[in-house]
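Sharing a structure here in structure tokens format.
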Amino acid sequence: MASADTAEPVRPDEIKAIPVRHPGRWVAAAIVIFLGVALGKSIATNARFQWGVVRHYFFTGQILHGALVTLELTVLAMAIGIVLGVLLAVMRLSPNPLLSSASWLYIWFFRGTPVLVQILFWFNISALYPRLSLGIPFGPQFAHFSANTLIRTFVAGVLALGLNEGAYMAEIVRAGIISVEEGQTEAAQSLGMTRLQTMWRIVLPQAMRVIIPPTGNETISMLKTTSLVSVIALTPPELLGAVQNIYDRTYQVIPLLLVASIWYLILTTVLTTGQFYLERYFGRGATRELPATPLQRLRRGLFSFQHASGEVRGASGEGR
Amino acid sequence: MSAPMVKAEGVHKRFGRLEVLKGISLEVQPGEVMCILGPSGSGKTTFIRCINHLEKIDAGRLWVDGELVGYRQAGDKLYELRDAEVCRERSQIGMVFQRFNLFGHMTALENVIEAPIRVKKTPKDAAVRAGKELLRRVGLEQKLDTYPSQLSGGQQQRVAIARALAMNPKLMLFDEPTSALDPELVGEVLDVMKALASDFGMTMVVVTHEIGFAREAGDTAVFMDDGVVVETGKPREVFANPRHERTKAFLSKVL
């Protein structure tokens, strides 16, 4: 109560201190800038990069089609992988010992052998089951592909990549499922929801928050793993196969590998963006405030720039 | 006298070699509010989890509204119920948990309408109307579109009560509904529970440490210790003149 007596509390002066100097940071920055400039100069001036050739081939039909095939392989293989992964994860957590060991065995086998070997295996499946060489292994739903040797390599590639991915996705999905609190299942059961409803409506949506980041990782990894399919000479070829076809003719190996690399980088960037928005969607309810989208951050940045005080509050309500 | 809503006869439950329930026999009449008290580890929570078959009992019999819980009896043989039948039994019993267990990815309203839509196949607009009304009754009409993580503990527990009520249960089980709450939030949840008992005549089995609630809203107080029912009676009598040493010892600690 002493403060009530004093007429006016005296506000102390704002602190104006000399900031700590960080000479180490300046040295480190100088080294990084030097290395960056050296690299940049070399990339710009070393004629053997043949940037002209890169530019010439970058948008040619063969390359664009190769990128498209790469995307198709990625999407289809991941689709198979995710569906299979959910199935295997649920089997693995099943109280039925036969189901859980079958899942264990599958994961053990497909994670235990190199994916390149699996690709070659599927490509040569006709040697194992000649009867299937006429058509497509799994039933009539693929029948419209049949007898077409060109697409058979594509299907072999998709199957090899997808079945392999299923084993990895199974572990990711399992981790997601067991990350959801037991109480969620109990609450759903106490309301009379069946096991399937509980899994589908309550557990999996919340597991997604844990499942999405590593799945994004897997998708990006898959995008590049599709280049392994070039060993079974896909026609029409995927991205790496497409540039190989060209440089086998022209011997411009380096610039064409650059073309492929830049396209892989572009596609990866697109996928990373997609992952951000997916994570944001499934993060609803888990965090009090969703992370801002780049657009929101930009808008907020501009806004706070106008009002130098920067007292703009987060756009928490947006995007719901 | 009407048939009891819950009837337990010599209910036993083991976890591995640990016997948690050692023969529980009791009856809860329709409209009755039974409060179960006792030290932690006495088996109170396990017992009410048995009532909606979240735990399987090892011996004895348990009926809810005349139906055997989890089993079907034909002659002297017991058959385990199929998943769908267990679900049907459970859908008539509401349960409120100590840790709320609201569905984290759903708003308050979505939490409340989920089971009516999926389990009872109520049309969505009817479920939404009923859900809004229930949330209004627990004082949360302002929070329909709020996610659980943005609600206080007391608000979450009130949503959880509305969620259980949305299935029109004939029996409500409360598992220490206020134990995870900050002291100043306990009252709002207890008020909702009291209103449920007095205004709607809901049959309730409440595991609680709230002596005040048991005295005010409870019709019966049951004191459990070490897997058995030690003492049963009117709350005022049990609290004023406990007959057993163990009840006295427990009450002297919590009162």
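Bear in mind these aren't lab numbers, they're just calculated from the coordinates by the rules spelled out. Remember, it's a predicted structure, so these values are computed and weren't measured experimentally. Cβ sites come from the backbone with ideal geometry, for glycine too, and all protein chains shown count toward neighbours.
Using only DSSP helix segments of four residues or longer, with each worth -39500 (n - 2.57), what per-residue ellipticity at 222 nm results for the protein assembly as shown after dividing by its residue count and rounding to 500?
Only helices count here, giving -17500 deg cm²/dmol.
What does the charge dipole of segment A:1-85 about its Cα centre add up to, to the nearest 20 debye, if the Cβ of each Lys and Arg holds +1 and the Cβ of each Asp and Glu holds -1?
Dipole size: approximately 680 debye.
State the extension gain, in nm to one decimal, for the chain segment bounded by A:V83 and A:Y277, taking 0.36 nm per residue of separation less the distance between their alpha-carbons.
67.7 nm
Projected onto the charge dipole of the protein assembly as shown (+1 at Lys/Arg Cβ, -1 at Asp/Glu Cβ, origin at the Cα centre), which of B:A162, A:F110, A:S100 gives the Cα projection farthest towards the positive end?
The residue sitting most towards the positive pole is A:F110.
Let me ask another. Can you tell me the alpha carbon radius of gyration of segment A:55-113 divided by the globular rule-of-thumb value 2.2 N^0.38 Å?
Working it through for segment A:55-113, the quotient is 1.77.
Report P(r) for segment B:87-144: all Cα-Cα distances, bin width 10 Å, range 0 to the bin holding the largest distance, values in whole percent.
22, 53, 25, 0
Set Lys and Arg Cβ to +1 and Asp and Glu Cβ to -1, take the dipole of segment B:1-143 about its Cα centre, and tell me which of B:T107, B:N52, B:L37 lies farthest positive.
Farthest towards the positive pole: B:T107.
If contacts are Cα pairs under 8 angstrom and at least 6 residues apart, what is the relative contact order of segment A:201-305 in percent?
Dividing the mean separation by the residue count of segment A:201-305 yields 30 percent.
On average over all directions, what projected area in square nanometres does segment B:178-255 have, based on the convex hull of its Cα atoms?
5.5
OK, next. Determine, at each q value in 0.12, 0.14, 0.24, 0.29 (inverse angstroms), the log₁₀ of I(q)/I(0) that the Debye formula gives when each Cα of segment A:208-261 is one equal point scatterer.
Rounded to two decimals, the profile gives -0.37, -0.47, -0.88, -1.08.
Counting residues in segment B:1-152 as N, plug N into 2.2 N^0.38 Å and put the Cα Rg over that result.
Computed over Cα atoms of segment B:1-152, the ratio equals 1.22.
Give me the percent of DSSP beta bridges within segment B:103-255 that run antiparallel, rounded to the nearest 5.
Percent antiparallel among DSSP bridges in segment B:103-255 is about 55.
Give the separation of the Cα centroids, segment B:1-46 to segment B:217-234, in Å.
9
Which lysines does B:K248 reach when only Cα atoms under 24 Å apart count, and residues fewer than 8 places away in its own chain are ignored?
Those lysines meeting the cut-off are B:K22, B:K44, B:K234.
How far apart, in nm, are the 7 Å Cα→Cβ label points at B:S198 and A:Q296?
4.4
Could you give the alpha-carbon Rg of chain B over 2.2 N^0.38 Å, rounded to two decimals?
1.01
Which helices of chain B meet both criteria: a Cα extent of 24 Å or more along the helical axis and a mean Kyte-Doolittle score no lower than -0.5, with helices taken as whole DSSP H segments?
B:183-200
Okay, moving on. Strictly over 28 Å apart at the Cα level, which of B:K194/B:K253; B:K120/B:K143; B:K121/B:K194 would you flag in this model?
Over 28 Å Cα-Cα: B:K121/B:K194.
Shifting gears a bit: If the viscosity is 1.306 mPa s and the temperature 10 °C, what translational diffusion coefficient in µm²/s does Stokes-Einstein give for segment A:168-260 when Rh comes from Kirkwood over Cα pairs?
Using the Kirkwood radius from Cα pairs, D works out to 96 µm²/s.
Given labels modelled 7 Å from the Cα in the Cβ direction, how far is it in nm from A:F121 to B:S25?
6.3
Could you tell me how far the Cα centroid of segment B:61-102 sits from the Cα centroid of segment A:43-95, in Å?
52
Would you work out the charge dipole size for the protein assembly as shown about its Cα centre, treating the Cβ of every Lys and Arg as +1 and the Cβ of every Asp and Glu as -1, and quote it to the nearest 20 debye?
The dipole of the protein assembly as shown has a size of about 1480 debye.
What is the fewest-to-most order of B:M34, B:M167 by other Cβ atoms lying within 10 Å of their Cβ?
Going from least to most buried by this count: B:M167, B:M34.
Sticking with this structure for a sec: May I ask you to evaluate 6.51 cos²θ - 1.76 cosθ + 1.60, the Karplus curve with θ = phi - 60°, for each residue of segment A:201-212 and list the ³J(HN,Hα) values in order in whole Hz, giving x for glycine and proline?
Whole-Hz 3J(HN,Hα) from phi for segment A:201-212: 8, 10, 6, 4, x, 7, 5, 3, 4, 7, 6, 4.
Quick one: which residues, 5+ away or cross-chain, put their amide H under 5 Å from the amide H of B:V228? H built at 1.01 Å from N.
B:K22
Taking only the alpha carbons of the protein assembly as shown, what extent do you get along each of the three principal axes, in Å, biggest first?
100, 91, 47
Another question, if that's okay. Read phi for every residue in segment A:36-44 and hand back ³J(HN,Hα) as whole Hz from Karplus 6.51 cos²θ - 1.76 cosθ + 1.60, θ = phi - 60°, with x for Gly and Pro.
Once rounded to whole Hz, the list reads x, 5, 4, 5, x, 4, 5, 5, 6.
Could you size up the charge dipole of segment B:19-162 around its Cα centre, putting +1 on the beta carbon of Lys and Arg and -1 on that of Asp and Glu, and report it in debye to the nearest 20?
Dipole of segment B:19-162, to the nearest 20 debye: 320 debye.
If I take R0 = 60 Å and measure r between the Cβ atoms of A:A17 and A:T268 in this structure, what FRET efficiency does the formula 1/(1 + (r/R0)^6) give, to the nearest 0.05?
0.85
Ignore the peptide's own chain and count Cβ atoms of other chains within 10 Å of each Cβ in A:182-189; give me the average, rounded.
The shielding value for this peptide is 6.
Still on this structure, please answer the following. 7 Å from Cα along Cα→Cβ at both A:N96 and B:R61: what's the point-to-point distance in nm?
3.4
Calculate, in whole percent, how much of the Cα-Cα pair population of segment A:40-84 lies beyond 12 Å.
Summing the P(r) of segment A:40-84 above 12 Å gives 71 percent of all pairs.
Cut-off is 10 Å between beta-carbons; in what order do B:E231, A:E72 appear when sorted fewest neighbours first?
If I rank by nearby Cβ atoms, fewest first, I get A:E72, B:E231.
Could you pull out every one of the aspartates and glutamates with an alpha carbon less than 16 Å from that of A:K224, ignoring same-chain neighbours closer than 8 positions?
Once the sequence-local aspartates and glutamates are set aside, what remains near A:K224 is A:E72, A:E165, A:E238.
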